[in-house]
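Written out below as structure tokens is the structure these notes cover.
Here, each number is a calculation from the coordinates, and none is a lab measurement. Values in this document were obtained by computation on a predicted structure and should not be read as measured data. Virtual Cβ from ideal backbone geometry, glycine too; neighbours counted across all protein chains shown.
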Amino acid sequence: MPEKVKWYTSWKDAVADAKRTHRPILIDFYADWCTYCKKMDKETIPNPSVQAALSKVVCVRLNTEREGRALASKTGVGTLPTFLLTNANGEPEGRIEGFTDAAQFNATIGSLISDFGTADKRVGLAISAGKITPTTTNLLKDLLMKRQLGAASKLITGIDKGKNPVFPVEAYFTLGQLFLQQQSGVNARRFLDRGLQLKISGQQRGAGLFIKALTHYQEKNFKAAIAGLQMVIDNPGSEPSIVTNARSGIADIRSKIK
């Protein structure tokens, strides 16, 4: 029977261990009030087979309302519990969301660990093909789902090669939105602008313009944010709810800068 796995409570300590032992980091994001977090701790985590799987990674528990708040927000954690597999830089490579039993947990974590660190190689092979194939499309979807933004950016840029955007608009907008969640406005706008280069109109264009305006708001560039929100309002076919939010946003910004 494997020894009980050590759980760090400090991200800094977990990173140091991961760099020393060259292992992935598994973050258990939880909250004190989370019933299913406690259920996982009682029923799934103590299972000997789970303990054996966890011995292959550096484990750290972070409370989303305290020490883990910033990292949870940056990595888009919205469900508790969430187990996030990352490298030592905190870049996600996969996640397990919600309560899972021992068998399901082991199957998923085993797959994530076996795929760990392979994204760059897979992206390189896709770029060398020089065109979009079903394999390329599925790879991009996988990278976006896992929020591996660096690899997804490299894939899109490598295929586009500075020419006209060639992926579906949803890919650019999704990547832009994920960069916005990570508070990287420059990268967010880079891919939002690529998506907006496509010949789209109506709801799609309104959505892209709205997300771009949010990047300016996040950076407190209120003049650009107001201009962007006005473009949402003026765009034919923007969803009524987005138009309403854009008008509210303009009013809110103007009240703050008086």
_Backbone HN-Hα couplings from phi across region 155-171 [Karplus 6.51/-1.76/1.60, Hz, Gly and Pro as x]_ = 5, 4, 5, x, 7, 5, 6, x, 8, 5, x, 10, 8, x, 4, 4, 5
*Stretch residue 200-residue 51 to full length: gain in nm at 0.36 nm per residue minus the Cα-Cα span?*
48.7 nm
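Could you tally the net charge around residue 231, taking each other residue with its Cβ under 10 Å from the Cβ of residue 231, Lys/Arg +1 and Asp/Glu -1?
Working: positive: 205, 212; negative: 234.
My count for the surroundings of residue 231 gives +1.
Compute the signed sum of charges (Lys and Arg +1, Asp and Glu -1) over the other residues within less than 13 Å, Cβ to Cβ, of residue 58.
Neighbourhood net charge equals +4.
In region 1-33, which chymotrypsin sites (Phe, Trp or Tyr not before Pro) fall in coil by DSSP and have 12 or fewer other Cβ atoms within 10 Å?
Working: sites: 7, 8, 11, 29, 30, 33; in loops: 33.
Within region 1-33, the qualifying chymotrypsin sites (Phe, Trp or Tyr not before Pro) (loop, at most 12 other Cβ atoms within 10 Å) are 33.
May I ask you to compute the full-extension gain from residue 107 to residue 251, defined as 0.36 nm times their residue separation minus their alpha-carbon distance, rounded to one decimal in nm? Don't skip to the end; give the middle numbers.
Values: separation 144, 0.36 × 144 = 51.84 nm, distance 4.98 nm.
Contour length minus Cα-Cα distance gives 46.9 nm.
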_222 nm mean residue ellipticity, helices alone, for the chain (DSSP H n ≥ 4; -39,500 (n - 2.57); rounded to 500)_ = -18000 deg cm²/dmol
_Residues of region 120-134 with amide N under 18 Å of a point placed 7 Å along Cα→Cβ from residue 164_ = 131-133
_On a full-extension model of 0.36 nm per residue, what is the gain between residue 129 and residue 33, subtracting their alpha-carbon distance, rounded to one decimal in nm?_
29.7 nm
*Filter the trypsin sites (Lys or Arg not before Pro) in region 190-252 to those in DSSP coil with at most 13 other Cβ atoms within 10 Å of their Cβ, and list the result.*
199, 220
*asked:* Rounding to the nearest 10 and keeping the result within 0 to 90°, find how far the Cα-based axis of helix 102-115 lies from the longest principal axis of the chain.
replied: 70
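Fewest first, what order do 231, 145, 40 take by the number of other Cβ atoms within 10 Å?
Working: 231 17, 145 12, 40 25.
Ranking 231, 145, 40 by Cβ neighbours within 10 Å, fewest first, gives 145, 231, 40.
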*To the nearest 10 degrees, how steep is helix 185-196 against the longest Cα principal axis of the chain, on a 0 to 90 scale?*
60
*Once you have all Cα-Cα distances for region 1-67, histogram them in 5 Å bins from zero and send the whole-percent values.*
3, 17, 25, 24, 19, 9, 2
*Computed on alpha carbon atoms, what radius of gyration and Dmax characterise region 105-174, expressed in Å?*
12.6, 43
*asked:* Using only the alpha-carbon atoms, how far is helix 11-21 inclined from the longest principal axis of the chain? Give it as 0 to 90 degrees, nearest 10.
replied: 60
